[in-house]
Amino acid sequence: MKDFLRKCYQVAGIIGANARLYENRITAMQEILEDEDCFADEDWMLLTKWAIGVLDNDSVEKQMVTLEEMFCKTDPEYSNENVEELHILVGFLLYQYCEATENLLLPSVVICGHAVGWRLKCQPLYEKFLAFTEEARLNLRRLNKESFPNHADMRTSFQSLKKKAETATDTKSQADESVAADATQRAPTANDLAALEDCLRWISRQNEALAFALSVQREESDILWWTLAEWSENRQCLYRDMTREEAALFSAYELGGIVCLPLGPYASKQILMKMISLGKADKNQERVSAATLIDRLSGDILPFFKDCQVTGLQPLLSALNAKQKATQKGKSDEWRPYYEVSCEKDLDTIQLTAFDFGQQLYLEIELGRQLYMERGSE
């Protein structure tokens, strides 16, 4: 931890820091993380938005005062005036918080904002968030073998499973006959009831494990058939018959509909690239502004992003929603005023290819689903 903090200081060009300073900073951050009353969930979100440049200092003044007070406990000379150091400390603190609490929402905010210019000031910290999220994509789909040590091997052949089931049935029948015979001789003891409860709990765990494994395999098979068929259910046509911008839009939308977990699979980027590449490419495929890409899409074909909360953190989704509203009023080309009400990001400054557009749109959908789920749990 100390070595990584040192690296961040070096990348930022901060000189004069020493081992004692790093130790003081880390101690202060640990105290912040251990104090549950220090920051609420909304405070962590505000700090994340500030760290990537969505909010200014005035919007997080209360949180900054708290940070300064906490860091001054271990270093009376500390001050928030060193902006470069403050960005490193906030980003480092956010990463530790997400790692400790397994928070996936805040890293999604960081990663989603990166491609459209809302970025952490320290590149090594962004790489940490990116690695954390990519590992989470894998971990979410792994069966917890510690919780389910005796889970069924999904690679076992059907005949083997059938034979095991028949053996278990015969054993159960014999056990039932034995229990029936014993029942005439004695009443169930406390140990008998405890053993039965343990058995029921084991069966329940097995059912949960199998249901989880089935959902993961179903997601994989659905994605596989979708990519092989190259067919869009929403557009009712082959991806090869779409423009590349349309392929980017619907591949992001349809992949989001297939995914059954908060984060998509590890290969999300490669899956999208494959589907988008099927679309018809224009002669000139250089980067263009996000506004130009939105203009190329017909308002009549835009899908409805259900179960997805759209905020000012998602400029592409905000623009698509704005174009839908304008289209409903018969003014498809006049979507910008509707967009400017919901998002302040200048779409003319965001340069994207169709591939970039699809990948960024998917990240925004992924973030929107997490925001929707979080709102539903309140």
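FRET efficiency for the N18 to D333 pair, using the beta carbon distance and R₀ = 45 Å, is estimated at 0.15. Restricting the calculation to Cα atoms, every distinct pair contributes to the Kirkwood radius of region 183-308, found to be 18.2 Å. In plain terms, the chain from L143 to D307 could stretch by 56.4 nm, reckoned as 0.36 nm per residue minus the Cα-Cα distance. Put simply, when 220-226, 64-70 are sorted by average Cβ atoms within 10 angstrom per residue, most first, you get 64-70, 220-226. When the charge dipole of the chain is built from unit charges on Cβ atoms (+1 for Lys and Arg, -1 for Asp and Glu) and taken about the Cα centre, the candidate among V259, L104, S318 whose Cα reaches farthest toward its positive end is V259. Relative to the current alpha-carbon distance between T27 and Q270, full extension at 0.36 nm per residue lengthens the span by 83.4 nm.
Of interest is the spacing of the C-alpha centroids, which for region 1-47 and region 335-374 amounts to 31 Å. Nearest 20 debye, what's the magnitude of the dipole of the chain about its Cα centre given +1 on Lys and Arg Cβ and -1 on Asp and Glu Cβ? It comes to approximately 1540 debye. Legend: Rg and Dmax of region 94-136, from Cα coordinates, 9.5, 28 Å. Cβ-to-Cβ counts within 10 Å put I271, I365 in ascending order as I271, I365, the fewest first. When each of the peptides 37-50, 310-323, 349-362, 9-22 is scored by how many other beta carbons lie within 10 Å of its residues on average, the order from highest to lowest is 310-323, 349-362, 37-50, 9-22. Across the cross-link table entries K49/K128; K2/K128; K2/K121; K49/K121; K49/K345; K306/K329, which are compared at the Cα atoms, there are no separations over 23 Å. For the chain, the fraction of C-alpha pairs more than 26 angstrom apart is 63%.
Comparing Q359, L224, S79 along the charge dipole axis of the chain, the residue lying farthest to the positive side is L224, per the Cβ-charge model. In plain terms, if you count all Cα to Cα distances in region 252-300 and split them into 5 Å steps from zero, the share in each step is 4, 15, 19, 23, 19, 15, 5, 1 percent. The slack between A190 and Q206, meaning 0.36 nm per residue of separation minus the straight C-alpha distance, is 3.3 nm. Under the criterion of Cα pairs below 8 Å and six or more residues apart, the relative contact order for region 230-376 equals 32 percent. For region 230-376, the extents of the C-alpha atoms along the principal axes are 42, 35, 28 Å, listed from largest to smallest. The largest-to-smallest principal axis extents of the Cα set in region 1-110 are 33, 26, 23 Å.
Laboratory data are not the source of any read-out in this text; all were calculated from the coordinates shown. Everything numeric here is computed off the predicted structure, so don't read it as measured data. All Cβ positions, even for glycine, are placed from backbone atoms using ideal geometry, and neighbour counts span all protein chains on display.
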